[in-house]
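Only one structure is covered here, and it is reproduced in the block below.
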Amino acid sequence: CLLIGGAVELGLKLYNTRLIHRVPQSAFSTLFERFTIFGRALGLRVVSGLFIFLWTMLLIVPGVVAFYSYAMAPYLLAHYPEMGILEAIGDSKLLMRGHRFDLFCLHLSFIGWGLLCVFTLGIGLLWLNPYINAAEAAFYLDLVGQLPPWYRGQPSPYGPQ
């Protein structure tokens, strides 16, 4: 999980944002597109994990704030593979300024679904995890101003949903 998880995570972020934009090339192979920046993907996972751990050592609350501050770094690195690790973390902090609580509330809204997944002995997670990933991708696209207009209730150019 630690070794290849970073590259697969970047591919998953890229896949979900393409899925929201209804890009025809959003295939299963998208998950493996970011293996070209394997080192930076691994580095982002290690460095952000280390920073979050160090902030958590102060108190739990600064650790939670750091987690939400760095939450968009994988999306940034997935979309801009030429970006450096610390640059992605710094840009994520800037992007999340004033929006950390919004993402926290988004994650909080899935607690009920998570409890229902406990009753299904985890089988419900097969549906819940993609739902959460797609919601986070929509959150990222909304932050950077790239959310498609049909996502906000305007008519879709692809016809009825």
**Message:** When you scan the range 129-136, do you find a residue that is more than 18 Å from Leu147 (Cβ to Cβ), modelled with pLDDT under 95 and part of a loop (DSSP other than H, G, I, E, B), even just one?
**Reply:** no
**Request:** Report, by residue number, each residue of the range 28-55 that is in contact with a Phe, Trp or Tyr (Cβ under 6 Å, 6 or more places away or on another chain), closer than 20 Å to Gly84 by Cβ and without any contact (Cβ under 8 Å) to a residue 40 or more places away in the chain.
**Result:** Ile52
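Within the range 64-87, identify whether any single residue is out of contact with any strand residue (DSSP E or B) (no Cβ under 8 Å at 6 or more places or on another chain), among the hydroxyl-bearing types (Ser, Thr, Tyr) and more than 26 Å from Gly39 (Cα to Cα), and answer yes or no. Walk me through it before giving the result.
Applying the first criterion (out of contact with any strand residue (DSSP E or B) (no Cβ under 8 Å at 6 or more places or on another chain)) to the range 64-87 yields 64-87.
Narrowing further to those that are among the hydroxyl-bearing types (Ser, Thr, Tyr): 68-70, 75, 80.
From what is left, the residues that are more than 26 Å from Gly39 (Cα to Cα) are none.
The answer is no, given that none of the residues of the range 64-87 is out of contact with any strand residue (DSSP E or B) (no Cβ under 8 Å at 6 or more places or on another chain), among the hydroxyl-bearing types (Ser, Thr, Tyr) and more than 26 Å from Gly39 (Cα to Cα).
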**Request:** Using the structure shown, decide if Leu103 is part of a helix (DSSP H, G or I) and open to solvent by less than 40 Å² (accessible area, probe 1.4 Å).
**Result:** yes
**Prompt:** List, please: which pairs have Cβ atoms under 7 Å, are six or more places apart or on different chains, and start with a residue in the range 99-112 that is farther than 17 Å from Ala137 by Cβ and end with one that is open to solvent by 50 Å² or more (accessible area, probe 1.4 Å)?
**Reply:** Arg100/Val65
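Checking the condition out of contact with any Cys (no Cβ under 8 Å at 6 or more places or on another chain), among the aliphatic types (A, V, I, L, M) and modelled with pLDDT of 95 or more, which residue from Leu108, Leu121, Leu147 passes? Show your work before the answer.
Working: Leu121 fails: modelled with pLDDT of 95 or more; Leu147 fails: modelled with pLDDT of 95 or more.
Of Leu108, Leu121, Leu147, the one residue that is out of contact with any Cys (no Cβ under 8 Å at 6 or more places or on another chain), among the aliphatic types (A, V, I, L, M) and modelled with pLDDT of 95 or more is Leu108.
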**Message:** Of everything in the range 106-140, what is open to solvent by 30 Å² or more (accessible area, probe 1.4 Å), within 17 Å of the chain's Cα centre (by Cα) and hydroxyl-bearing (Ser, Thr, Tyr)? Give them in sequence order.
**Reply:** Ser109, Tyr131
**Asked** What are the residues in the range 80-100 that are over 21 Å from Leu42 (Cβ atoms), among the charged types (D, E, K, R) and part of a helix (DSSP H, G or I), if any?
**Response** Arg100
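Suppose the filter is within 17 Å of the chain's Cα centre (by Cα) and open to solvent by 90 Å² or more (accessible area, probe 1.4 Å); does Phe67 pass it?
Details: within 17 Å of the chain's Cα centre (by Cα): yes; open to solvent by 90 Å² or more (accessible area, probe 1.4 Å): yes.
When the stated conditions are applied, Phe67 passes them.
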**Asked** How do the pairs read when you match residues in the range 133-152 that are more than 17 Å from Cys105 (Cβ to Cβ) with residues anywhere that are open to solvent by 20 Å² or more (accessible area, probe 1.4 Å) and of a type in the set (S, T, N, Q), using Cβ under 6 Å and keeping only pairs 6 or more apart or on different chains?
**Response** Trp150/Ser156
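Name the residue, out of Tyr80, Tyr75, that is open to solvent by less than 30 Å² (accessible area, probe 1.4 Å) and within 17 Å of Val8 (Cα to Cα). Show your work before the answer.
On the way: Tyr80 fails: open to solvent by less than 30 Å² (accessible area, probe 1.4 Å).
Criteria check complete, one pass: Tyr75.
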**Request:** Of the numbered conditions (1) open to solvent by less than 20 Å² (accessible area, probe 1.4 Å); (2) in contact with a Phe, Trp or Tyr (Cβ under 8 Å, 6 or more places away or on another chain), Pro62 fails exactly one; give the number of that condition.
**Result:** (1)
**Message:** Could you go through the range 7-23 and let me know if any residue there is surrounded by fewer than 13 Cβ atoms within 10 Å (Cβ to Cβ) and part of a helix (DSSP H, G or I).
**Reply:** no
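The values are calculated or read from the model by the stated rules, or taken from the named source; none is laboratory data. All of these numbers come straight from a predicted model, not from anything done at the bench. A quick note on method: Cβ atoms are made from the backbone with ideal geometry, for glycine too, and the neighbour counts reach across all protein chains shown. These accessible areas exclude ligands, DNA and RNA; they are computed on the full protein's heavy atoms, side chains included. Shrake-Rupley method; radii C 1.70, N 1.55, O 1.52, S 1.80 Å.
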